[in-house]
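Worksheet for the structure shown next.
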Amino acid sequence: VSVAARLRVWAALLDTHRDVLEGRVLGGATPPAWVAARGWGEALLALSDDALLAGETRGLAAALTSDAPASLRALGADLEAWTAPFRRAPARDGASPTRGVKARKRRQIAALAGRLREASGPRRRLVDVGAGHGHLTRALSEALGIEARAVEADPARAERGSTLAEGSAVRFEVADGMTRRFAPGDLVVGLHPCGALGDAVVRHAAAAGADLFLVSCCLQKTVDGGPRRPLTDVPLTVPRAALGLANLTHGLGDGPGIEAAMARRSKRLALRRLLRARGVDLGPGDEVRGVHRRHFERPFAEVAAEALTRRGLPGASADELRDIEAAARVEHGRIRRLALPRSALGRLLELALVGDRAAYLEARGYRVSLEPAFDAAISPRNLLIVGTAPPRGLSRRDGARRGGPGSSRG
Ligand SMILES: C[S@@+](CC[C@H](N)C(=O)[O-])C[C@H]1O[C@@H](n2cnc3c(N)ncnc32)[C@H](O)[C@@H]1O
């Protein structure tokens, strides 16, 4: 089945839940309109702690019993059917540099080097866009035995990368990947180039007829902070506020990660309550100002003391902290339950956004594979596009016909 055909189904499923995507669950007594309209409130609020965590970790379907409303179970089943094939990646081991490379990054690089070994094709040169320190660039250049260009916008990273690359076939370019063009015979590579940069890389690779090897991430980072416009004609214009859902870890199997994230969020809610009780006027997210993100892993008493001191506010007694934390926990439990269907749409949204990139290539005659490159535990942003350009001489139009329906705007 072509990516374009699957993309159309994913986009249609997302479209029937557009109000869900757009309706963030905030605190307060009233559930969001999309929960009430579908009659899901009672079933969601009745979820046990274990069922809730199962839903957040393994997908919506894992939270639901046969008592749940049919429309909620249908959504759970649809999401399971479409996202489960992208949950596990085959174990692959290629070579990765070790010096100065964190363990998680090393495993990403090893998996990509292993995957690239399986992909055939004549390649003259490798171009890695958003190369960072070039660890992946060096690994792939060595694995393929070809020269490589590492395109990096940050001069400090490029300088460090150049030092690491001494004696190798990798050369750094301090350049803007948004406008960097490619040549036929290039193998264009990107590991986590953020949002709009990934879209630009896909368009420019297709324009040159270059092969592509791209792991997407941070799809919420659009050029102008507006909605992301699709590359294909599949209707998938997602509002900026919903794009962040594609960056969640829900349904990807990472229980401890989700529990830790939820504990941090509960503390944020508690801090919000505490600051409000001190008369502080807070806009959305303002409670975190002045407290380092990592500090939310500490006990709430320490988080509260830091925030109050920073703002020159009187301290809190142990009783006040205990009551506030308990109230926040109840509020957060309610928000988590009501938000579960919305969070559960995140992976499908990510698949559709990455699928839009893949379908764009497919429509230009590329042979395309969309697959998880490594397990989500290594990095949840693991969706890889392997795009093999059509043989040269085949016109774009022929390529489009061969690759099936779908047209471009880019
Ligand atoms: C998330 S990091 C990934 C780095 C590397 N590929 C890796 O996986 O370790 C994204 C990199 O893209 C670079 N970058 C961001 N915007 C860029 C642009 N417009 N052109 C080139 N590089 C860019 C950043 O400086 C950063 O090094």
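Observations on the structure shown:
- Value of [θ]222 nm, deg cm²/dmol, for the chain, DSSP H segments ≥ 4, -39500 (n - 2.57) each, nearest 500: -14500 deg cm²/dmol
- Gyration tensor (alpha-carbon) shape descriptor, region 116-233, a/c threshold 1.5: oblate
- Here, the chain yields an orientationally averaged convex hull projection of 21.3 nm² when only Cα atoms define the hull.
- Overall form of region 141-190 per C-alpha gyration tensor (a/c, 1.5; a/b vs b/c): oblate
- Qualifying GluC sites (Glu not before Pro) in region 71-167, where qualification requires a DSSP coil assignment and no more than 14 other C-beta atoms within 10 Å, comprise Glu166.
- Folded to 0 to 90 degrees: helix 155-164 orientation relative to the chain principal axis, Cα: 60
- Rounded to the nearest 5, the antiparallel percentage of DSSP beta bridges internal to the chain is 40%.
Quick note: the coordinates plus some simple rules give every number you see, no bench work behind them. In this text the structure is predicted, and so the values were computed from the model without any measurement. So basically every Cβ, Gly included, is an ideal-geometry build from the backbone, and we count neighbours across all protein chains shown.
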